[in-house]
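One structure is given here, and the rest of the page talks about it.
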Amino acid sequence: MKDIMGLMKQAQAMQAKLQEAQADMERTEVQGTAGGGMVTVSLTVKGDLRSISVDPSLLKAEEKEIVEDLIVAAHADARRKAEVVAQEKMKGVTGGLPLPPGMKLPF
């Protein structure tokens, strides 16, 4: 019975850490760039788009398709960075517990 109580306390502590990490990921922003920095996208680690910055030299009608492609590329770059940050934050929550490959928290 004593082991069950200890396990329950650990589960509650992990849940609190998970909630804290999720809140932190909503606040933490990453930036992705494309075109040598001509387009920058800011996302939260949770994936919410916060801002897009486009170099004024790209704002010409004939550059429209290039700008669109650069925005997509910058978003993909930011998304990759966000995933790395999220994984690092989750390692702190799980206390280094080895989770099966592909298993993501929260469940």
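Values quoted throughout were computed directly from the atomic coordinates according to the rules given, and no laboratory measurement underlies them. For clarity, every value in this text was computed on a predicted model and none was experimentally measured. FYI the Cβ positions are ideal-geometry reconstructions off the backbone, even for glycines, and counts take in every protein chain you see.
Remarks
- Förster-model FRET efficiency, 22 Å R0, Arg27 and Asp55, C-beta, rounded to 0.05: 0.20
- Taking Lys91, Lys17, Lys60 as the candidate residues, the one with maximal mean-square fluctuation in a Gaussian network model of the chain, Cα springs under 10 Å, is Lys60.
- Choice from Gln22, Gln87, Gln31 with maximal GNM fluctuation in the chain (Cα, 10 Å cutoff): Gln87
- Separation of the range 1-25 and the range 40-63, taken as the distance between their Cα centroids, equals 38 angstrom.
- Cα-based helix-to-principal-axis angle, 64-94 vs the chain, degrees rounded to 10: 20
- Sites Lys81 and Gln12, calculated FRET efficiency, Cβ-Cβ separation with R0 22 Å, nearest 0.05: 0.10
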